[in-house]
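Here's the structure, in structure tokens; my notes come after.
The values are calculated or read from the model by the stated rules, or taken from the named source; none is laboratory data. These figures come from a predicted structure and were not determined experimentally. We place every Cβ from the backbone using ideal geometry, glycine too, and count neighbours over all the protein chains shown.
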Amino acid sequence: MSDITCHPLFDRIVDDLAVRGWSRQDLFLPADQTRELAAECRERYRRGELVPAAIGRGAGQQVQEGIRGDRIQWLEPGQSAVGDRYLALMDGLRQTLNQSLYLGLADFECHFACYPPGAFYRRHLDRFRDDDRRTVTALVYLNEDWQPEHGGALRLYLEEGGAERSKDILPVGGSLVVFMSADLPHEVLPASRERLSLTGWFRRRGAF
Ligand code: OGA
Ligand code: MN
């Protein structure tokens, strides 16, 4: 049996998810790993591998820049050492969430995302109408030295005591945001500079 990759913040993430359905951890990835992942994302972008993201899935997929303007490419196992290290870490988080919260998460899929200056992603939920496998969203940001005046916040729409309250989270390099995909509406606000991330989903098995 192989060892689970662990992280000192996993317990806090579990507690946050259990209590309020979302978690944010500022110092999740070490700086060198964040830098290497950012370099890989930029290199893929330079090679023209990132493509305009679509909304929906299967035959219903369409690119609509009035809804989302990011460009993406999936991270697959075996593409790079730093990518594999990240996937191993997220698999550790998957197993921890299963052990603690019995979520029955079967796999993790993630893509690099680059939002050019001015690009945004309008308010949405991360669950498709015809596919309910996406269960927990996990984002890590890859931006060095992000400042509030750069904009580009992830805006969460939280429900508190029957009222909605928005919470803005800056895409600071090395930080992690995790939330229940079906429950938390969110959007990406436009930024004045390029905004890089790895966006992923822990999925349950489908009912096929
Ligand atoms: C998404 C998304 C948020 C972010 O890709 O579905 O909501 O902060 N991304 O990049
Ligand atoms: Mn989303």
**Complete:** Flagged in segment 45-95 as farther than 28 Å from L29 by Cα, assigned to a strand (DSSP E or B) and β-branched (V, I, T), in numbering order, are I55
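To keep it simple, each residue is scored yes or no on (1) touching a residue at least 40 places away in the same chain (Cβ under 8 Å); (2) within 22 Å of L196 (Cα to Cα); (3) within 16 Å of the chain's Cα centre (by Cα).
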residue: G58; (1), (2), (3): yes, no, no
residue: Q79; (1), (2), (3): no, yes, no
residue: Q95; (1), (2), (3): yes, no, no
residue: Y121; (1), (2), (3): yes, yes, yes
**Request:** Confirm whether D145 is surrounded by fewer than 18 Cβ atoms within 10 Å (Cβ to Cβ) and under 14 Å from R204 (Cβ atoms).
**Result:** no
**Complete:** Among the residues of segment 116-154, the number that are within 12 Å of ligand 2 (Cβ to nearest atom) and in contact with a Lys or Arg (Cβ under 6 Å, 6 or more places away or on another chain) is 5
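Tell me which residues, restricted to segment 172-208, are hydroxyl-bearing (S, T, Y) and either within 15 Å of ligand 2 (Cβ to nearest atom) or more than 15 Å from L154 (Cβ to Cβ) (or both).
Taking segment 172-208 first, the residues hydroxyl-bearing (S, T, Y) are 175, 181, 192, 197, 199.
The answer is S181, S192, S197, T199.
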**Request:** Taking the options D183, D145, D131, name whichever one is among the charged types (D, E, K, R) and at positive phi.
**Result:** D145
**Item:** Filtered residue count, segment 5-25, keeping only those that are closer than 20 Å to L170 by Cα, of a type in the set (A, V, I, L, M, F, W, C) and buried (at least 17 other Cβ atoms within 10 Å of the Cβ)
**Value:** 3
**Request:** Kindly list the number of the only condition in (1) under 30 Å from D11 (Cα atoms); (2) modelled with pLDDT of 95 or more; (3) surrounded by 15 or more Cβ atoms within 10 Å (Cβ to Cβ) that fails for R127.
**Result:** (2)
**Message:** I need every pair where a residue in segment 188-208 that is farther than 23 Å from C41 by Cα has its Cβ under 8 Å from the Cβ of a residue that is more than 9 Å from ligand 1 (Cβ to nearest atom) and of a type in the set (A, V, I, L, M), sequence separation at least 6 or different chains.
**Reply:** R203/L105; R203/A106; R204/L103; R204/L105; R204/A106; R205/A106
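Only one of these is within 16 Å of ligand 1 (Cβ to nearest atom), out of contact with any Ser or Thr (no Cβ under 6 Å at 6 or more places or on another chain) and charged (D, E, K, R): R71, R85, R20, R94. Name it.
Details: R85 fails: within 16 Å of ligand 1 (Cβ to nearest atom); R20 fails: within 16 Å of ligand 1 (Cβ to nearest atom); R94 fails: within 16 Å of ligand 1 (Cβ to nearest atom).
The match here is R71.
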